[in-house]
Amino acid sequence: MQKDNVKFKIILLGILFFGIFGLAKSSWAEDFYITQNASGSDNGADCANAHSASWFNTGANWANPKQSGKIGPGDSSYLCGTISTRLATQASGTFENKITIKFEDNAKLSKPSWNGMALLIQKECIVIDGGTNGIIENTDNGTAGSYAYQQNAQGIWADSCNGCEVKNLTIRNLYIHNSNADTAIDNWMTKAIHINGSNLTVHDNIIHNAGSGIIVSYSIGDTNVRIYNNDIYNIDHGMALSSGGSNAGGKFYFYNNHVHDYKKWDTLSNAYHHDGIHAFGVSDGAHWPSVEEFWIYNNIFDGETGVNLTGHIFLEGGAQSGGRTPWTGTTGTAYIFNNVFANAWVFVNKGTNHAIYNNTILTNISGYNSGLGVGDTTHPKVKNNYICADTGGFLSLGCADVTWNNEATDFDYNVYGGCSALYSCWDAGCGNNTTLFSTWKTWCNSCDSHSYDHHTISNYGIDTTTYRPLTGSDMIGYGVDLSGLGITALNSDKNGVARGASWDIGAYEYVQGGDTTPPAAPTGLRVN
C-alpha cells in the first residue's frame, strides 16, 4: 500500500510539473504590432502603440532561442496600416513553434514601386498570413506613359525557407503591362513569390498583374512543396519550377489552382512567352537539375491566353536557348490529371512514366496546333482524356523520340471532338500527319482502341462553359477504371465527386440534371 501511495505521488507530481511547464511554455509566446513609424508608447502592444518597421528589421530585436521582448519561435508580428519600408525577418522559428507575420484588417505593404522585394524571408519556419484582406502591392509601376516607374519588383522573396507558409494574401500590380510594345522589365524578376525549401506551402492567395506568379527555384534536396487554392491571373508565367547545375529536388505539388489570362503580357517581339506552368533547368555546362515527381491536378487553366503562349503546361526537353535544359533530366515523373485546359495546349517533354489522365483539353479558341504534345520522353501514359481542337489538331508526338512501353495499353480510352486541321488531327511525328482515326491507330501501334473519334463535330459532347459532359456524350461511363493505380485524388473528379464503378472521361464526372453537389465552403475570400 505504501509503495502504491509513493507511486501515486510521483505520477501526480509529474502531471503537475508537465502541466505547469506546458502552461509556462504556451504563455512564453508574445505578440508584437508593427507599423511604418512607431506609434503611441512604442511598446508593440497593439496598433496604437506599435513598433516601427525599422524596429522589425533590426536583428537585435529577434532571438532564437526565444527571449522576452524579442521576436522568436512561437511569436506573432501583426502588421498595421500601410507600410512602405521593406520588411526582412531576422531569426527563424522552429517546426514546433513557427514565427507568424500576420496582416491586420486593411494592412498592406504598399509603395509606388518596391524596386526589389517588399518582404524578405531569409529564415526558416515563418508563416505569412494575409488575414482578412492583407495586400502587397505597387501603386505606380507599369508601362511608361501610364505609370511613373518601370522597375523589377517582387512581393515575397524566400530562399531556403524550410517549413514556411504563405497564405491569404493578395499580391497585386507589381507591374501593369498594358502595351504590346512594352519590354521594359525582366518578367522573371517581377514576380509575386519567389520561394524554395522543403515542407512549405503557398495557398489561398490572389496574385495578379506580375511578370510571374509563383517561382519555385529549388535547391538540392528540396521536397514536399505544395501550392494550392490560389487564383493567379494577368501574368506571363503562373508558376515556374526551375533550378540549375546538378540540383536534385523531390516532390512538388500544384493543385486546386485557377490560372488564367496571359494576354496582357503579349509583346510584338514575343519577349515574354506565356506559360501556366513552366518547368526547366539551367545547365552548368556538365549537368542539369532534376526533380523526382511533379504533381499537377484539379486545376483550371483558361481565360484570354494571348498570342505569345507556349502552353498551359510547358515541361521543357532538349537543349534550349540561353543554356536551358530538360526540366527533369531523364527520370522525373509528372502526374497530370483532373485538369481543365481551355484555349491552349499542354506540352510535356523529358522524364519517365508521365501519367496524363482524365484531363479536359479544349484548344478551340486560341487556334493552337495541338491539344496535347508529348515528346522526348520514356513510357508516358495517356488515358481518359477529352481533347477538342476545333481550330487545330489533337495530338503531336515527338519525331521518333517517344519511347513507349506498350502503346496499346498505355494510350487509350480518350475522346476526340472537333478538328479543322487539314492534315494533322493526329501528328505521329516525322511527317506522319493524318485526319483519319484508323490511320492514326495504325501508326501508334494499336493505341486508342477503346477511344472515340468525333473529329467532325465541333465541341463534341461537352458544355464549353462548365467543361462538363453533355447528356448522351461518349465521355460518360466509357473511361477505364484507374483506381488500381493508388492515386487517391484521381479516384474523384476535379470537384471531389467519386468516380464510381464506371469512370467518365475528362476532368468532371457527369451529373444528370446538373451538378447538385453543394459547393465547398469558400476560403481565402477578401475584398480588393
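Using the Cα atoms of the chain, I'd like the radius of gyration and the largest Cα-Cα distance, Dmax, both in angstrom.
Looking at the chain, its Cα Rg and Dmax stand at 25.9, 96 Å.
Given R₀ = 51 Å, FRET efficiency for Ser219-Val497 by Cβ-Cβ distance, to 0.05?
Numbers: r = 38 Å, r/R0 = 0.75.
Result of the calculation: an efficiency of 0.85.
Could you list the residues of the stretch 158-191 with an amide nitrogen less than 18 Å from a label point located 7 Å from the Cα of Leu268 in the Cα-to-C-beta direction?
Under cut-off, by backbone N: 177-185.
How much mean residue ellipticity at 222 nm does the chain get from its helices, if each DSSP H run of length 4 or more adds -39500 (n - 2.57) and you divide by all residues, to the nearest 500 deg cm²/dmol? Provide the component values of the computation, followed by the final result.
Working: 4 runs with 41 residues, N = 528.
That comes out to -2500 deg cm²/dmol.
Treat the count of other C-beta atoms within 10 Å as a stand-in for reagent exposure and order Thr170, Thr328, Thr434 from fewest to most. Can you show the working numbers first?
Details: Thr170 24, Thr328 30, Thr434 19.
Going from least to most buried by this count: Thr434, Thr170, Thr328.
In nm, what is the difference between 0.36 nm times the number of residues separating Asn106 and Ala45 and their Cα-Cα distance? Kindly include the intermediate steps, with their values, before the conclusion.
Details: separation 61, 0.36 × 61 = 21.96 nm, distance 1.84 nm.
20.1 nm is the gain from fully extending Asn106 to Ala45.
Between Ser68 and Thr85, what is the label-point separation in nm under the 7 Å Cα-to-beta-carbon projection?
The two pseudo-label positions are separated by 2.6 nm.
Taking just the alpha-carbon atoms of the stretch 397-448, what radius of gyration and Dmax come out, in angstrom?
Calculated on Cα positions, Rg and Dmax stand at 10.9, 31 Å.
For the residue pair Gln512 and Thr465, what label-to-label distance in nm results when each label sits 7 Å from Cα along the Cα-to-beta-carbon direction?
2.3
Could you put Glu137, Glu104, Glu96, Glu304 in order, starting from the residue whose Cβ has the fewest other Cβ atoms within 10 Å?
Working: Glu137 22, Glu104 19, Glu96 10, Glu304 15.
Lowest to highest Cβ neighbour count: Glu96, Glu304, Glu104, Glu137.
State the extension gain, in nm to one decimal, for the chain segment bounded by Leu436 and Asp140, taking 0.36 nm per residue of separation less the distance between their alpha-carbons. Could the numbers behind the result be given before it?
Numbers: separation 296, 0.36 × 296 = 106.56 nm, distance 5.44 nm.
Working it through step by step, the gained length comes to 101.1 nm.
So if R0 is 45 Å, what FRET efficiency would Ser483 and Val307 give, r being the distance between their Cβ atoms, rounded to the nearest 0.05?
Working from the Cβ atoms, E equals 0.65.
In nm, to one decimal, how far is the Glu292 label point from the His379 one, both placed 7 Å along Cα→Cβ?
Placing both labels 7 Å beyond Cα along the Cβ direction yields 1.7 nm.
Applying 1/(1 + (r/R0)^6) with R0 = 30 Å to the Cβ-Cβ distance of Thr58 and Asp159, what FRET efficiency is obtained, to the nearest 0.05?
0.90
Please rank Met239, Met189, fewest neighbouring Cβ atoms within 10 Å first, as an exposure proxy. Can you show the working numbers first?
Working: Met239 28, Met189 15.
Fewest-to-most Cβ neighbours within 10 Å comes out as Met189, Met239.
Step through the table entries Lys70/Lys251; Lys123/Lys383; Lys102/Lys251, compare each Cα-Cα distance with 32 Å, and write down the pairs that go over it.
With Cα atoms farther than 32 Å apart: Lys70/Lys251; Lys123/Lys383.
Please say if the stretch 238-318 is rounded, prolate or oblate, where rounded means a/c under 1.5 for a ≥ b ≥ c the square roots of the C-alpha gyration tensor eigenvalues, and otherwise the choice is prolate for a/b larger than b/c and oblate otherwise?
On the way: a/c = 3.42, a/b = 1.37, b/c = 2.50.
It comes out oblate by the Cα gyration axes.
Fully extended, how many nm does the chain gain between Asn115 and Asn406 (0.36 nm per residue separation, minus their Cα-Cα distance)? Could you put the intermediate results ahead of the total?
Working: separation 291, 0.36 × 291 = 104.76 nm, distance 5.27 nm.
Answer, rounded to one decimal: 99.5 nm.
Provide, in order from the shortest bin, the percent of all Cα-Cα pairs of the stretch 223-281 in each 5 Å bin, continuing until the bin that contains the maximum pair distance.
4, 16, 22, 21, 17, 12, 6, 1
In whole percent, what relative contact order does the chain give with Cα contacts below 8 Å and a gap of six or more residues? It would help to have the intermediate numbers written out before the result.
Details: 1609 pairs, mean separation 35.8, N = 528.
Taking the mean separation of contacting Cα pairs over the length of the chain, I get 7 percent.
Throughout, read-outs are computed from the coordinates displayed, never taken from laboratory work. If you're wondering where the values come from, they're calculated on a predicted model, not measured in any experiment. Note that we place each Cβ from the backbone using ideal geometry, even for glycine, and neighbour counts take in every protein chain shown.
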